[in-house]
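Working notes, beginning with the structure itself.
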Amino acid sequence: MLYWAVVFLVISIVAALFGFTGIAVATAEIARILFFIFVVIFIVLLITGLMRRPRGPSGTHHP
């Protein structure tokens, strides 16, 4: 799950580079929209991945 979060982060950074630097003026608005969509997806997947991580010992041990 964290793998996909990083993938979406990289895609959002690439979209930002194209959208915010003026390289592709005709597609700047689409890149901005995609940037924010992928940032939201990244945050959701990051939170989901952190919540699903295995937890440490519960403090109870068996003799």
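Which pairs have Cβ atoms under 6 Å, sit 6 or more apart or on different chains, and link a residue in segment 3-18 that is at pLDDT 85 or above to one that is loosely packed, with under 14 Cβ neighbours inside 10 Å?
That search, which allows pairs on different chains as well, returns nothing.
Is one or more of the residues making up segment 28-35 among the small types (G, A, S), at pLDDT below 75 and in a loop (DSSP other than H, G, I, E, B)?
Checking segment 28-35: not a single residue is among the small types (G, A, S), at pLDDT below 75 and in a loop (DSSP other than H, G, I, E, B).
The values are calculated or read from the model by the stated rules, or taken from the named source; none is laboratory data. Just so you know, these numbers come straight off a predicted model, no measurement behind them. Virtual Cβ from ideal backbone geometry, glycine too; neighbours counted across all protein chains shown.
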